[in-house]
Structures are given as structure tokens and as C-alpha cells.
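See below for the structure under consideration.
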Amino acid sequence: MTDRYPIVRHRELRPRWRWSAWRERRHPLIAGRGQALIHLVEGAYTTETADPTRCSVTLVDVRPTHVSVHWELTASGKDWDFPVTVTFRCTVIDPAAVARSRHTGARLWDVQHVLAQDPRPSRLTRVHPVGDEDGLSLALTAMLQARPAHQDIPGVRVNLVEVSVGPARDWIDDEA
């Protein structure tokens, strides 16, 4: 997985007189296996080949991939943290929607960022005691099973794959 899944690269190809425009025309973005080129031409997103001097091009990875998110949830009654790793399977179902979301100004196209910002796991802070890794894992699975992403990610389907909770660690000792 790349750090920028599902958008691999983006190029603004206009205006023609920019310093780097000649290099971009000599080395155009080319879609490889499992990728799609999305062109923005006069406000419309399309996968059809367009005049490269009059459009923006976004290279979108459409292969299903696993995205992992890490949290530290505090155990109840103690200064101990559970290291939590949640793995999601992400599939791009509409590459044009992914490219369109890049131009909104929000980071909705950055799947890992959106999933890591989920506020729901923080509801389980100080709920489970030290040694209750299984209970925390079941609670997180139940919470994320019905709706894996806390907000819609345009053009991407997200499914929960696995919740992994490690043994609680004393965070005071970790700082030393």
C-alpha cells in the first residue's frame, strides 16, 4: 500500500507556459495494471483520453488493498494503554469520485487519514480493564462491523477485515 492510497499521482497540466509543462508532456502519467487515469476537462471528470495540454490528470489505484489504522485505548482504572490495530479492505468503485473529492479541499480522498480520524473507538477508552483484550476486540468489531468508516469516502468501499488488540502496556514505563 502506498501512503496516498487511492490517489497515486496528480498533475495540473495547464497553463501550457508553466516551467514544468514541457517535462509533464514529455513524461505523461500512464496507468499501469490496476490503475485508472481520470482527466478533468472543463469541469467534467472522465476516463476518456483528453487533450493533455488542457486538463488535469489524476492517477487512481483501483486495486483492492488493505489499510491498517493504529490507536492506543486506555484501560479502565489504570494508566495502561491497549495497542489496537484495525485492518480494512478498501476497494475503489468509482475512480472519478475519488478524483473529484481531491478538488474539494478536504482530505476525503486520503483513505488512511479518514479512517484514522474515526472518533468512535475513543468511546471505549477506560471501559475495559487490563487483561480484557478479547472484550475490547469484540466491542470494536461490533462497533465497526455495521459501518466500518465513520464518514463516507467518495468512490471507495470500506470493509472491516480484522481487529487486533495487544496486551495493555503501562504508558508511564514507556516514557522512561
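For region 98-146, the list of trypsin sites (Lys or Arg not before Pro) that fall in a loop by DSSP and count at most 15 other C-beta atoms within 10 angstrom reads ARG107, ARG126.
Coupling constants for region 110-115 follow from the phi torsions by the Karplus curve (6.51 cos²θ - 1.76 cosθ + 1.60, θ = phi - 60°), and in residue order they are 8, 4, 5, 4, 4, 5 Hz; glycine and proline get x. Normalising the average separation of contacting C-alpha pairs (under 8 angstrom, six or more residues apart) by the number of residues puts the relative contact order of region 90-176 at 41 percent.
Read the figures in this text as sums done on the coordinates, not as results from a lab. Since this is a predicted model, take the numbers as computed values, not measurements. Methodologically, a virtual Cβ is constructed for each residue, glycine included, from the backbone with ideal geometry; neighbour enumeration extends over all protein chains shown.
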